[in-house]
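The values are calculated or read from the model by the stated rules, or taken from the named source; none is laboratory data. Bear in mind that the values here come from a model prediction, so they are computed numbers and not experimental data. Cβ atoms come from the backbone with ideal geometry, glycine included; neighbour counts cover every protein chain shown. Heads up: the accessible areas ignore ligands, DNA and RNA and are worked out on the full protein's heavy atoms, side chains in. Shrake-Rupley method; radii C 1.70, N 1.55, O 1.52, S 1.80 Å.
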Amino acid sequence: MSVLSPGSTIGILGGGQLGRMLAVAAAQLGYRCHIYAPPGDNVACDVAAQFTVADYDDLAALKIFAQACDVVTFEFENVSVTPLKSITDFVPVYPPLKALEVAQDRAAEKDFVRSLGGKTAAFAVAQDESALPAAIESVGIPCILKTIRMGYDGKGQSRIMAQEDIAGAWTRTGAQPLIAEALVPFDAEFSVILVRSQDGDIRFWDSSRNLHIDGILSTSNLPAGILVESQQPAARDMAASVAAALDYVGVFTAEFFASAQGPLFNEIAPRVHNSGHWTIEGATTSQFENHIRAICGLPLGSTETVAERVEMENLIGHDADRFMQILADPAAHLHLYGKAEARAGRKIGHVTRLYRS
Ligand code: AMP
């Protein structure tokens, strides 16, 4: 295991709130961060020592960036993998690019998980519009169409609830290769968030119960309830075997539906995750700090939950306008991401409330 001394520079691909919270955790441990992101509202740059604004496939800019960093990580999984391969000659990149490749392709991701014994909802690939009716027929109605690439927060998705919804569905979903996935009658959603060190040590945070509204995470709650708690061990085993098969280093998230057939795998995120934001105040070591520890070769910190009850609420669009009211609550820890515009559906911040008996 190679230890990167405090004072070294961590490169982060992606300039959003996850990069911002990673950079804050890195600063606490004495590291400097260099953010690399295309033009946009790069809120991570506000808290970083250096930043490069360039496209993810700009080979020359990536090379200069890599040469200025001691390790590189990412906070955004839709970074092109091929240009990134070229920087692995200059600098270690964690998590491994194989994890990015798998996570970027919904069909490959589910096949990978199934090859390791995991269960997923029934799905079928439609590479073009003519293949769509057969794909829908094979999984049945109701189902969800999801683009194979570049989908997040419910984007690139549409529901087929009745035969009439099929007309125009290809165009509505973005006119690109997609999967049709059976709609799961789940009782709860949860994620397994783990951290894996360079020598394969794995730690898990408690799984929160996650509520999504319109495809976007709304709240995460702990304790997660008996159903999630009973499915957590099998889901952990699954997530750990996926992480091990990828030779993973850093924080890894696997999202599950708690269904009558046990945990059904939904998707992986090869990065810190929104459903783990509660760990900043609610666990001994946050997902952000443990990610930094893992990629820098430091010992992992305890992932123990420190409160009896934890609730994380995402602040979306204009939700953060009530920041004065939130701050008046002694249980509340407010995080605002510094975004320029509070558009509908955009994550502007979050609040974590801790309750101790
Ligand atoms: P995803 O982008 O796949 O995480 O989907 C976003 C959200 O849509 C999930 O967290 C669920 O709330 C819902 N969803 C996605 N796939 C399914 C499914 N097969 N059955 C029921 N709900 C789903």
query = Which residues, taken from the range 80-110, are closer than 30 Å to Ser259 by Cβ and open to solvent by less than 60 Å² (accessible area, probe 1.4 Å)?
reply = Pro95, Ala99, Leu100, Val102, Ala103, Gln104, Asp105, Arg106, Ala107, Ala108, Glu109, Lys110
task = Please work out which residue is nearest to Gln198 (Cα to Cα), limiting yourself to the range 237-257 and to residues that are touching an Asp or Glu at 6+ places or on another chain (Cβ under 8 Å) and open to solvent by 10 Å² or more (accessible area, probe 1.4 Å).
result = Glu255
Ala234 being surrounded by fewer than 20 Cβ atoms within 10 Å (Cβ to Cβ), in a helix (DSSP H, G or I) and more than 16 Å from the ligand (Cβ to nearest atom) = yes
key: Filtered residues of the range 199-230 (kept if of a type in the set (A, V, I, L, M), modelled with pLDDT of 95 or more, open to solvent by 30 Å² or more (accessible area, probe 1.4 Å) and closer than 26 Å to Gly349 by Cβ)   = Leu211
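Limited to the range 199-214, what total is found for residues that are within 11 Å of the ligand (Cβ to nearest atom) and either touching a residue at least 12 places away in the same chain (Cβ under 8 Å) or at positive phi (or both)?
So the first thing to find is which residues in the range 199-214 are within 11 Å of the ligand (Cβ to nearest atom), and the list is 210-214.
Of the ones still in play, those that are also either touching a residue at least 12 places away in the same chain (Cβ under 8 Å) or at positive phi (or both) are 210-212, 214.
Residues that pass the stated criteria total 4.
Kindly indicate whether Phe51 is assigned to a strand (DSSP E or B), touching a Gly at 6+ places or on another chain (Cβ under 9 Å) and among the aromatic types (Phe, Trp, Tyr). Write out each step before concluding.
On the way: assigned to a strand (DSSP E or B): yes; touching a Gly at 6+ places or on another chain (Cβ under 9 Å): yes; among the aromatic types (Phe, Trp, Tyr): yes.
So Phe51 passes the test.
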note = Residue count, the range 1-48, condition open to solvent by 10 Å² or more (accessible area, probe 1.4 Å), assigned to a loop (DSSP other than H, G, I, E, B) and under 19 Å from Tyr337 (Cβ atoms), comes to 7
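So that you can scan it fast, the table gives a plain yes or no per residue for (1) more than 23 Å from Val81 (Cα to Cα); (2) more than 10 Å from the ligand (Cβ to nearest atom); (3) open to solvent by less than 60 Å² (accessible area, probe 1.4 Å); (4) over 23 Å from the mean Cα position of the chain (by Cα):
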{"position": "Phe112", "(1), (2), (3), (4)": "no, yes, yes, no"}
{"position": "Ala121", "(1), (2), (3), (4)": "yes, no, yes, no"}
{"position": "Gly156", "(1), (2), (3), (4)": "no, no, yes, no"}
{"position": "Arg159", "(1), (2), (3), (4)": "yes, no, no, no"}
{"position": "Trp170", "(1), (2), (3), (4)": "yes, yes, yes, yes"}
{"position": "Thr173", "(1), (2), (3), (4)": "yes, yes, yes, no"}
{"position": "Leu183", "(1), (2), (3), (4)": "yes, no, yes, no"}
{"position": "Ser197", "(1), (2), (3), (4)": "no, yes, yes, no"}
note = Checking Val139, Val192, Val91 in turn, the sole residue that is of a type in the set (Val, Ile, Thr) and within 16 Å of the chain's Cα centre (by Cα) turns out to be Val192
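Can you tell me which residue within the range 340-357, out of those that are among the hydrophobic types (A, V, I, L, M, F, W, C) and without any contact (Cβ under 8 Å) to a residue 60 or more places away in the chain, is surrounded by the fewest Cβ atoms within 10 Å (Cβ to Cβ)? Can you show your working first?
From the range 340-357, those among the hydrophobic types (A, V, I, L, M, F, W, C) are 340, 342, 344, 348, 351, 354; that's our starting set.
Narrowing further to those that are without any contact (Cβ under 8 Å) to a residue 60 or more places away in the chain: 342, 344, 348, 351.
Working: Ala342: 15, Ala344: 8, Ile348: 23, Val351: 23.
Ranking the qualifying residues of the range 340-357, first place goes to Ala344.
Counting only residues that are open to solvent by 90 Å² or more (accessible area, probe 1.4 Å) and either assigned to a loop (DSSP other than H, G, I, E, B) or in contact with a Cys (Cβ under 8 Å, 6 or more places away or on another chain) (or both), how many does the range 311-339 have? Working first, answer last.
Let us first name the residues in the range 311-339 that are open to solvent by 90 Å² or more (accessible area, probe 1.4 Å), namely 318, 321, 324-325, 327, 330.
With either assigned to a loop (DSSP other than H, G, I, E, B) or in contact with a Cys (Cβ under 8 Å, 6 or more places away or on another chain) (or both) added as a condition, the list becomes 330.
Counting residues in the range 311-339 that are open to solvent by 90 Å² or more (accessible area, probe 1.4 Å) and either assigned to a loop (DSSP other than H, G, I, E, B) or in contact with a Cys (Cβ under 8 Å, 6 or more places away or on another chain) (or both) gives 1.
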task = For Arg106, state whether it is within 26 Å of Gln231 (Cβ to Cβ) and within 10 Å of the ligand (Cβ to nearest atom).
result = yes
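Filter the range 258-275 down to the residues that are in contact with a Pro (Cβ under 9 Å, 6 or more places away or on another chain) and modelled with pLDDT of 95 or more, then identify the one that is least open to solvent (accessible area, probe 1.4 Å). Working first, answer last.
The initial filter retains those residues of the range 258-275 that are in contact with a Pro (Cβ under 9 Å, 6 or more places away or on another chain), namely 259-260, 270-271.
Restricting the remaining residues to those that are modelled with pLDDT of 95 or more gives 270-271.
Working: Pro270: 0, Arg271: 35 Å².
Residue satisfying both the conditions and the ranking: Pro270.
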ask   = Out of all the residues in the range 251-309, which are more than 13 Å from the ligand (Cβ to nearest atom), part of a helix (DSSP H, G or I) and of a type in the set (Ser, Thr, Tyr)?
value = Thr279
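Quick one: would you say Thr52 is in contact with a strand residue (DSSP E or B) (Cβ under 6 Å, 6 or more places away or on another chain), within 25 Å of Arg196 (Cβ to Cβ) and of a type outside the set (Lys, Arg)?
So Thr52 fails the test.
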